[in-house]
Every structure is written in C-alpha cells, then in structure tokens.
1. Would you calculate the separation in nanometres between label points at Ala101 and Val155, each defined as 7 Å from the Cα along the Cα-to-beta-carbon direction?
2. Evaluate the charge dipole of the chain about its Cα centre and quote only its size in Debye, nearest 20, assuming +1 on the Cβ of each Lys and Arg and -1 on the Cβ of each Asp and Glu.
3. Among Val93, Val58, rank each residue by its count of other Cβ atoms within 10 Å, from fewest to most, as a rough exposure measure.
4. Starting with the fewest neighbours, write out Lys31, Lys2, Lys130, Lys91 ranked by other beta-carbon atoms found within 10 Å of each beta-carbon.
5. Which order, highest average first, do 79-89, 201-211, 47-57, 158-168 follow once you tally other Cβ atoms within 10 Å for each residue and take the mean per peptide?
6. Show that you can apply the helix-only estimate: for the chain, add -39,500 (n - 2.57) for every DSSP H stretch of four or more residues, divide by all residues, and state [θ] at 222 nm to the nearest 500.
7. Multiply the residue gap between Glu227 and Val93 by 0.36 nm, knock off their C-alpha separation, and tell me the result in nm, one decimal place.
8. Normalising by the residue count of the range 7-244, find the relative contact order in percent from Cα pairs under 8 Å and 6+ residues apart.
Amino acid sequence: MKIQGHAALVTGGGSGLGEATARELARLGAKVAVLDVNMENAQRVAADIGGLAIHCDVTSPESMQAAIDQAAAAHGTARILMQIAGIGSAKRVVGKDGNAAPLEDFARVINVNLIGTYNAARLFAAACAKADPMEDGERGAMVFTASVAAFDGQVGQQAYSASKAGVAGMTLPMARDLAQHGIRVCTIAPGLFATPLLRSLPEPIQASLSASIPFPARLGKPSEFAELAVHIVSNGHLNGEVIRLDGALRMAPR
C-alpha cells in the first residue's frame, strides 16, 4: 500500500513510539489522526505534523468508535491503524509482605494492552472493510505493538508479558480472519527503546540496559520502530507476522 494520501490512525500517538510513528507517517504524506488519552500530548504532535488530535481511550468501545468517526469526517476512511497505546506494570505474584498481588492490577494491564488492541482492531476493520479495494484487493493494514516480554518476560512482568503475548498470539488468526476483506495484520515486538519512560531512568541504569543488547549496544531509537511500522504498511506481502525489533536481545530473568 502506498502511504501517501491515505488516512491513518495512531493510538498512543502523543509520545514515545506512537509519536515517532505519527511523525513518520506524516512525513510520507499520510493524513494522520493522533489518538491519545493525553490530549495535551496529542495536540502537540498533531500541531507539528499537520494532523488531527483526538482524545481516545482504546479500552472504551464508545471512545474508540467516536475517534474513528471523527477522523473519518476529517480525513476519510482510515486505511492504516498503528495500535501503539499501552501501559506497563511490575508486580510480583507474592509481595514482600507475603500478600498476593492485587487482581485489579493484572486486569488493568490486560484491559489496556490486549483488550484495547482488539477493540481498536475490530472497530477499525469494520469501517475499513467497507472501503473500496485498492491494488491486489487490499483495503488496509494494521500494525500492533507487542514486546520481547511476550517471549522472555522478567520477574514481575506477569501481567505485561501475558498482555503482549496475547497481542502476538492473535496476530495470525486475525490476519487470516481479515484476509477476506483485504486487511493485513502484523505486530512489532520491540525490545529496549529510548522512550520517555526509559529516558527518565538514571544514566547508570540506562547504560546497563544498553550494554545488555548484543548489537548495537544501545537503546533502540523510536524512529527505528516507526521505520519498520511504515515498511509493514508499504510491503503488501507482510501479513500475519510478529517481528522482533531488539538488537538480538534476550531478556534475563531479572
């Protein structure tokens, strides 16, 4: 799919990997809607790239549908979904106080990362499936965000790893499901990236994390994630795949 001129939705587009992806899409000529729960961030990015800022909670069917409708009114039916919104968590199953981890903490991460991804995907796909087919019968493409934690999660990452493994696990069946509509589905599983969260850590910790990556021994650049995300959209034979983007990193237990 040629990106230029097409409408794109970027959830979590107000910061980090989402912001980089929104900027790269705009650079390539897409009409970008920046969706985020932080409206200030969304407006900042949208203003910079000539896009549209929309408040959106991916866990809410009503909020997600309203965002899709608002973006469509401004840009036309979206052909591209970059589902990047997500949250992290670190909770041991049994805490130092001997008590079990709160169930609501686990449920919240699953709700945002996994159910939120499915919610965004199903509503995007329903609208995209009604659009006219393009070259090769393609109608659109979705890129999800998992994590290397889906495959080698660390101590305390039960909720995060489970949520991201769920995203990775539904990629192929969703690609098969939506093949009849000409909608492709792929997932990127990033390793350690220089997002605002990691950049907020003390320099010695950042250096230690960088040294754990075989090559290149540095944190990933958000622009590198964005470059892969847009390549997936433009390469029509990429479908149903989960791609690790991690510099050959395999996470240690802790």
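FYI, it's all coordinate maths here, none of it is from the lab. Quantities reported herein were computed from a predicted structural model and do not represent experimental measurements. Quick reminder, even Gly has a Cβ in these numbers, built from the backbone with ideal geometry, and neighbours come from all protein chains shown.
1. It is 1.3 nm.
2. On the way: 22 positive and 22 negative charges, 82 e Å.
It comes to approximately 400 debye.
3. Working: Val93 10, Val58 28.
Ordered by Cβ neighbours within 10 Å, fewest first: Val93, Val58.
4. On the way: Lys31 21, Lys2 14, Lys130 10, Lys91 17.
Sorted ascending by nearby Cβ count, the order is Lys130, Lys2, Lys91, Lys31.
5. Values: 79-89: 24.4, 201-211: 12.2, 47-57: 18.8, 158-168: 22.0.
Packing proxy ranking, top to bottom: 79-89, 158-168, 47-57, 201-211.
6. Details: 10 runs with 110 residues, N = 254.
Mean residue ellipticity at 222 nm (helix-derived): -13000 deg cm²/dmol.
7. Numbers: separation 134, 0.36 × 134 = 48.24 nm, distance 3.67 nm.
So the extension gain works out to 44.6 nm.
8. Relative contact order of the range 7-244: 20 percent.
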